[in-house]
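Each remark here refers to the structure printed beneath this line.
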Amino acid sequence: GSTAMVISHDDRYLYTTHSGRQILKLDALTLQIIDFITIGENNSHPAHAIAISPDGKHLYATSSREAEPYSSTFPTEDFVTVINTGSFTVEASVYVWQIKSSHIRVSKDGAYVYVINIRNDLVTISTLSNTVISEIPLTGLITSFGIHDNQLYSISSVYNSSDPTAPAGNLRIV
């Protein structure tokens, strides 16, 4: 089944995760499959979330695979896969240590992609180099976040016993 979807900015295409590692490109009007791509490797887990660049030329998908060697402490290695929407091919896979959230965001100018890792760091990926350029520690247990005008908005909906000053269920602006 599908875990995430996004519509192109011109409303022509619908991109959705499908059957684990596949991402489908559909005609948004007829819902006919135009193309599909399989991301990850045989031991990969499903794609979790997808986002589209402001210019519509790239999709960014979070996914994971079983760690090699396998560790019960950190059983997966996580990635942001960069997909060219024109050729519908993978351009890059960016390793991100333990992505926690199924949310992924792209900055308004398309220069950065953001995810949250299991340490509760806001991970910033440069779309120019397709590399992680920063990891900023956040407080509370972040369950969702958004970026607007270079401002991070995050929701912490679970009490964090390691940070008694972090309010539960509040919107935070960082």
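The values are calculated or read from the model by the stated rules, or taken from the named source; none is laboratory data. Since we're looking at a predicted model, the values are computed, not measured. FYI the Cβ positions are ideal-geometry reconstructions off the backbone, even for glycines, and counts take in every protein chain you see. Accessible surface is based on the protein model in full, side chains and every heavy atom, while ligands, DNA and RNA are left aside. Shrake-Rupley method; radii C 1.70, N 1.55, O 1.52, S 1.80 Å.
Any idea which residue in the range 109-124 is surrounded by the fewest Cβ atoms within 10 Å (Cβ to Cβ), counting only those that are over 16 Å from residue 95 (Cβ atoms) and at pLDDT 90 or above? Residue satisfying both the conditions and the ranking: 109.
To keep it simple, each residue is scored yes or no on (1) part of a strand (DSSP E or B); (2) open to solvent by 20 Å² or more (accessible area, probe 1.4 Å); (3) within 13 Å of residue 84 (Cα to Cα); (4) at pLDDT 90 or above.
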{"position": "2", "(1), (2), (3), (4)": "no, yes, no, no"}
{"position": "6", "(1), (2), (3), (4)": "yes, yes, no, yes"}
{"position": "10", "(1), (2), (3), (4)": "no, yes, no, yes"}
{"position": "16", "(1), (2), (3), (4)": "yes, no, no, yes"}
{"position": "26", "(1), (2), (3), (4)": "yes, no, no, yes"}
{"position": "36", "(1), (2), (3), (4)": "yes, yes, yes, yes"}
{"position": "47", "(1), (2), (3), (4)": "no, no, no, no"}
